[in-house]
1. What's the long-distance tail for the chain, i.e. % of Cα pairs beyond 16 Å?
2. Can you give the helix-only mean residue ellipticity at 222 nm for the chain, where every DSSP H stretch with n ≥ 4 adds -39500 (n - 2.57) and the sum goes over all residues, rounded to the nearest 500 deg cm²/dmol?
3. Springs between alpha-carbon atoms under 10 Å, Gaussian network over the chain: tell me which of S23, S65, S32 tops the mean-square fluctuations.
4. Solvent-accessible area of Y15, probe 1.4 Å, all protein chains present, reported in Å² to the nearest ten, please.
5. About its Cα centre, what dipole magnitude does the chain give when the only charges are +1 on Lys and Arg Cβ and -1 on Asp and Glu Cβ, stated in debye to the nearest 20?
6. Taking a probe of 1.4 angstrom, what is the accessible area of L19 in Å², to the nearest 10?
7. What net charge is computed for the residues neighbouring T21, neighbours being all others with C-beta under 15 Å from the C-beta of T21, Lys and Arg scored +1, Asp and Glu -1?
Amino acid sequence: MDVKRVKDYLYWLYYQYLLITCSYALEPWEQSVFHTITVTVVAMVVYTAYVFVPIHIRLALEFFSQIFGAQPESAV
């Protein structure tokens, strides 16, 4: 990959982010606060999904396996 193309693509993604959030119209200090809050919220969502989604998937699989007649592991 060409480094310049990657750099241009990342710049384009960042510009799209600025346009979608309309944060290009903010003062520099307001942009810093906005970006900090956005990154914090995204990090919290990713962490929560990482911790809780596998638990819910396992519980759902156990529930549906009991409904459809599979024997529990302790009975085998």
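The values are calculated or read from the model by the stated rules, or taken from the named source; none is laboratory data. In this text the structure is predicted, and so the values were computed from the model without any measurement. Neighbour counts run over all protein chains shown; Cβ positions are idealised from the backbone, glycine included. Only protein heavy atoms, including side chains, enter the accessible area calculation; ligands, DNA and RNA are left aside. Shrake-Rupley method; radii C 1.70, N 1.55, O 1.52, S 1.80 Å.
1. Working: 2034 of 2850 pairs.
I get 71 percent for the Cα pairs in the chain exceeding 16 Å.
2. Details: 2 runs with 59 residues, N = 76.
Result for the chain: -28000 deg cm²/dmol, rounded to the nearest 500.
3. Judging by the Gaussian network model, the answer is S65.
4. About 110 Å², ignoring ligands and nucleic acids.
5. Values: 4 positive and 6 negative charges, 38 e Å.
For this selection, approximately 180 debye.
6. Approximately 70 Å² for this residue.
7. Values: positive: none; negative: E27, E30.
Neighbour charge sum, excluding T21 itself: -2.
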